[in-house]
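Everything on this sheet refers to the single structure shown next.
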Amino acid sequence: MRDVPVTGRAPAPDLARGAALLLIAVANAHTFVTHRGIGVRTYPLDPTGVDAWLAAVQLTLVDGRAYPLFALLFGYGIAGLARRAARAGAGPDQVLALVRRRGGALFAVGAAHAVLLWHGDFVAAYGLIAVVLAPVLVRGSTAVLVLTGVAATTLLAVLYAPVALTRSDAASASPSLVAPDVVSAAVERFGEWLFGNLLISAVGLAGAAVAGVLVARAGWLDDPARHRRALRRVAVAGIGAGVVGGLPLGLVAAGAWTPSAPVALVVGVLHAVTGHAAGAGYAALAGLVVARRTRSAGAAPGGWVIRALVALGRRSLSGYLAQSVAFVALFPAWTLGLGAGLPLWAATLCGAGVWLVTVVVAVVAGRRGHRGPAEVLLRRLTYGRTPAPAHRPAGP
């Protein structure tokens, strides 16, 4: 099948992707901290002062919220890919094969990322979702999508229920970070990814991916100005649920509350499930921002900050992988080793700084009309040939 060009690309999903990468950078940076004990969701054990406040805020607004947002946008993208292929004349079986090829390409990129850089990769999980659930994502009725999403979210709740009970004095939750050399770290990382992350991530994110297909079919992010009322409701309800459901675990992580074991299990379920709601709320918020700032139909949204985030969102896979390159260069014992005993506030600043650099690089690439290198590779793996040059977007 020929490469299906992307024309008239909606800015709202890319705005959400660009902003979500900041949340992911902040959420991931602390996972590279070692020699501070392991608390809730790998946050430092028994934080104090600013670190305690940061742990509470991040678990309420960021951790467990950014990945569902990205998964929703992944599902949205798969629905768009299938729609464009069908409009270009592809038959149902060809569309299904295309989605699975895209899934296989994502799995390959994610597996390489996990083995070479970071065991917490989620790109391979997206690829696995696309390959296994392709018939549901492409052909599933609304009822089938809803049932699939409910089932996946229920499994997510079961898997993440014990999260509030996590406590350990180990140097790191990831032995690969404290390995003495590159080879030992790669071996450890492969096991951590394959046996400890891949399937859990795929199951945990499948519900949000299904929700993204439903959002794409409703057209909410394609034409946010037309769907302001629905987006406003989802933004308020989703973000509100995320705050209410995330705060209890945030208090546990900060050391402000120690619930009994049964209550802690409920806290873990609430945090996981409302994270999906928050992800949908953040996506809706991006749609509202675009609806408000777009000057005219089809135009790029106004404001240099928004345009910069859109530029990064169009290169989100490259931006995500670049974060891992930077974190690996800075934090593990087998590189600079800066993660040993690093305060949470310092790790957070590092994450935000790395994200900012990727924004600048994306803006420059956008002005020159270049795709991100990971996006070029993904399209090559999907279609088997070099894609056409990117259309130079109106950008900063």
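Pull up region 45-57, narrow it to residues that are under 20 Å from residue 160 (Cα atoms) and under 23 Å from the mean Cα position of the chain (by Cα), then point me to the one that is surrounded by the fewest Cβ atoms within 10 Å (Cβ to Cβ). It comes out as 57. Take the conditions (1) within 30 Å of residue 383 (Cβ to Cβ); (2) crowded, with 24+ Cβ neighbours inside 10 Å; (3) at pLDDT below 95; residue 76 misses just one of them, which is (3).
Based on what the data block shows, is residue 282 of a type in the set (Phe, Trp, Tyr), open to solvent by 20 Å² or more (accessible area, probe 1.4 Å) and under 14 Å from residue 22 (Cα atoms)?
Yes, satisfied.
Among the conditions (1) within 25 Å of residue 380 (Cα to Cα); (2) surrounded by fewer than 19 Cβ atoms within 10 Å (Cβ to Cβ); (3) free of Cβ contacts under 8 Å to residues at least 40 places away in the same chain, residue 96 misses just one, which is (3). Of the residues making up region 380-396, none is open to solvent by less than 30 Å² (accessible area, probe 1.4 Å) and modelled with pLDDT of 95 or more. Kindly provide the set of residues from region 8-35 that are within 15 Å of the chain's Cα centre (by Cα) and aliphatic (A, V, I, L, M), ordered by number. Scanning region 8-35 gives 15, 16, 19, 20, 21, 22, 23, 24, 25, 26, 27, 29. Is at least one residue of region 112-126 small (Gly, Ala, Ser) and either over 26 Å from residue 15 (Cβ atoms) or surrounded by fewer than 18 Cβ atoms within 10 Å (Cβ to Cβ) (or both)? Yes: one or more hits.
Residue count for region 29-44 satisfying the condition of being within 16 Å of residue 351 (Cβ to Cβ), open to solvent by less than 10 Å² (accessible area, probe 1.4 Å) and not in a strand (DSSP E or B): 4.
In region 260-275, the qualifying residues are those that are of a type outside the set (A, V, I, L, M) and over 16 Å from residue 60 (Cα atoms), and the one that is least open to solvent (accessible area, probe 1.4 Å) is 260. Within region 288-314, the set of residues being at pLDDT 95 or above, under 15 Å from residue 366 (Cα atoms) and open to solvent by 20 Å² or more (accessible area, probe 1.4 Å) comprises 309, 314.
The residue of region 127-139 that is farthest from the chain's Cα centre (by Cα), among those that are more than 20 Å from residue 279 (Cβ to Cβ) and surrounded by fewer than 22 Cβ atoms within 10 Å (Cβ to Cβ), is 139.
The residues in region 239-259 that are farther than 23 Å from residue 36 by Cα and either among the aliphatic types (A, V, I, L, M) or surrounded by fewer than 23 Cβ atoms within 10 Å (Cβ to Cβ) (or both) can be counted, and the count is 5. The residues of region 154-185 that are open to solvent by 30 Å² or more (accessible area, probe 1.4 Å) and among the aliphatic types (A, V, I, L, M), listed by number, are 155, 158, 159, 165, 170, 171, 173, 178, 182, 183.
The values are calculated or read from the model by the stated rules, or taken from the named source; none is laboratory data. Just so it is clear, the structure is predicted and the values come from calculations on it, not from any experiment. No Cβ is skipped: glycine too gets one built from the backbone with ideal geometry, and neighbour counts run over all protein chains shown. Note: areas computed on protein heavy atoms with side chains; ligands, DNA, RNA excluded. Shrake-Rupley method; radii C 1.70, N 1.55, O 1.52, S 1.80 Å.
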